[in-house]
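Written below as structure tokens is the structure these notes are about.
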Amino acid sequence: MPSDSPLPPRTRKLVDDCFLHDSERLRHDEAIALLRERVSAVAESETIALEEAAGRILAEPVIAPRNVPLTDNSAMDGYAFAQGAYDATGGFFPIDQRIPAGHPSPEPLLPGRAARIFTGAVMPLGADTVAMQEDCEQHEQDGAPFVIIPPGLKRGANVRLAGEDVAEGAALIPAGSRLRPQEIAAIASIGQNRVTVSRKLKVAILSTGDEIVRPGSPIAPGQVYDSNVYLLRALLESVGVEVTDLGVLPDDPDTIRSTIRKASQTHQAILSSGGASRGEEDHLVAALDALGTRHMWQLAIKPGRPMNFGQIDDCIMLGLPGNPVAAMVCFLLYVRPVLIAMSGAPWPDPVRLPLPAAFEIKKKKTGRREFSRGWLTRDDEGRLLVDKFERDGSGLITGLREADGLIEIAEDVTGIKRGDIVSFIPFTEFGLPGK
Ligand code: AMP
Ligand code: MG
């Protein structure tokens, strides 16, 4: 990368030039395989407070410096004792100690004696078993307390062992993990309040088209409000990157080229919508050609056939189609995993649920993979089915709204009958919240 670039010097080359420069339509699997192979982690790392770390990607593994729990402790309120003095008939134990949580006993427990103990309290030396208080009877004899413990308790019952959750020295969380609330809790449990995570990628977004105007301003016939910029910003936030909005660019080659060139020097990726085909008014492709390496994709998918991919120096350029449905589908399928991999996490592979169709498709073109908007429903017996948004138009945001996932229909399928098993990818698989 050029030495005067403000991008961090540790940034490695993202892809090399052996991408297919393919005028033919690339199948979905081929596109994914290619991206997967070529895109590498480029994010720098930074150390941040644990309370800021939810959703971030771990850049260095977290190693446990100590056991969790730190010591053997009681899992119940009850009575601690040693198995040695206990047999099939149960036992009678004088109570010598009282051990609340946070107040370990300095004295070992003598054989044949019990300690009143509470949940989370350290087991006294010499004891190995806890009887639940609900199963015991406590009495007094001549002012001295004793407990009757019923038979049948196995050695170690109701005791949590030191290190049973996390063992000292264990690799607790590998680098590349996304920190969910439970990982944050695990890191806190070993006493760490800072973590080293991938720095958020800097991603610039832009809209293109003479007809596009930003919401909040008046609109005239022939104009269209810019919904994509909001769609993409929200999608990018769900991935966890830092977004710069470059605005709406007119269908003017010089403006597009100079804006992209400038942004490529200060961002790790540029994401555009619109102008992605080879039409006379689609200038993004030419700009990418002039400034860097283009890997123009004609994808064999619906929606979203034109999807640009390329690079300008070490900045990735991702050009989405302008239609909102195509933009969202291509984002989820291709842009999201690219950004996640660039951020240092493993390539995500969304789970497909095989479910019976509650719809039919009389005739489907072969040779392309289709991603319809769908949702879960139930039949009369309560079994899950997947239904499909009827209309096809890739400008219909309504379909995206009604959906809670994508129905994936393979290249070779010619039609679907009700009850046929289809693949459904819930939006939650793409890191989006449920409805
Ligand atoms: P294009 O890819 O530029 O040919 O645009 C395809 C369609 O998507 C056209 O109908 C555009 O008006 C529409 N479109 C393009 N950009 C946006 C945007 N940012 N927001 C909403 N619709 C858009
Ligand atoms: Mg356009």
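Things worth noting here:
- Region 282-414, relative contact order in percent, only Cα pairs under 8 angstrom and at least six apart counted: 21 percent
- Reach of Lys365 by Cα under 15 Å, taken over aspartates and glutamates that are not fewer than 8 positions away in the same chain: Asp392, Glu408, Glu411, Asp412
- Residues whose amide H comes within less than 5 Å of that of Ile270, counting only those at least five positions distant or on another chain, are Ala204, Ile316, Met317, Leu318 (H built at 1.01 Å from N in the peptide plane).
- Amide hydrogen neighbours beyond the local backbone of Arg56, cut-off 5 Å, H modeled: Leu179
- Of all accessible heavy-atom area on region 290-435, the percent that carbon and sulfur account for (1.4 Å): 49 percent
- Each of Asn228, Ala263, Pro250 was placed along the dipole of region 224-268 (beta-carbon charges, centred on the mean Cα), and the one lying farthest toward the positive end is Ala263.
- Region 418-435 - phi-based ³J(HN,Hα) in whole Hz, Karplus 6.51/-1.76/1.60, Gly and Pro as x: 3, x, 4, 7, 10, 8, 10, 10, x, 4, 4, 5, 9, x, 9, x, x, 5
- Karplus-derived HN-Hα couplings along region 143-156 (A = 6.51, B = -1.76, C = 1.60, θ = phi - 60°), whole Hz, x at Gly and Pro: x, 9, x, 9, 10, 9, 9, x, x, x, 7, 7, 4, x
- Value at 222 nm in deg cm²/dmol, rounded to 500, when DSSP H runs of n ≥ 4 in the chain each add -39,500 (n - 2.57): -5000 deg cm²/dmol
- Counting only lysines at least 8 places from Lys262 when in the same chain, those with an alpha carbon closer than 19 Å to its own are Lys13, Lys202.
- Selected from Ser40, Ser105, Ser217 as most flexible by GNM, with the chain as the system and alpha-carbon contacts under 10 Å: Ser217
- Comparing Ile173, Ile316, Ile149 in a Gaussian network model of the chain (Cα springs below 10 Å), the most mobile by mean-square fluctuation is Ile149.
- Of all accessible heavy-atom area on region 138-281, the percent that carbon and sulfur account for (1.4 Å): 50 percent
- Relative contact order (%) - criterion: Cα under 8 Å, at least six apart; region: the chain: 16 percent
- Candidates Asn73, Asn228, Asn308: whichever shows maximal mean-square fluctuation once the chain is modelled as a Gaussian network with Cα springs under 10 Å: Asn73
- Residues of the chain: accessible area per residue with a 1.4 Å probe, Å²: 48 Å²
- Region 140-232: relative contact order as a whole-number percent, Cα under 8 Å and 6+ apart: 14 percent
- Amide H contacts of Leu26 (H built 1.01 Å from N, in plane; Pro and chain starts excluded): Gln298, Leu299, Ala300 sit under 5 Å, all sequence-distant by 5 or more or on other chains.
- 3J(HN,Hα) along region 104-118: x, 7, x, 9, x, 8, 6, x, x, 10, 10, 10, 5, 9, 10 Hz, from the Karplus curve 6.51 cos²θ - 1.76 cosθ + 1.60 with θ = phi - 60°, whole Hz, x for Gly and Pro.
The values are calculated or read from the model by the stated rules, or taken from the named source; none is laboratory data. Fair warning: this is a prediction, and the values are worked out from it, not measured in the lab. Using ideal geometry, Cβ is built from the backbone for each residue, glycine included, and neighbour counts are taken over all protein chains shown. When the accessible area is computed, the model is the full protein with side chains, heavy atoms only, and any ligands, DNA or RNA have been set aside. Shrake-Rupley method; radii C 1.70, N 1.55, O 1.52, S 1.80 Å.
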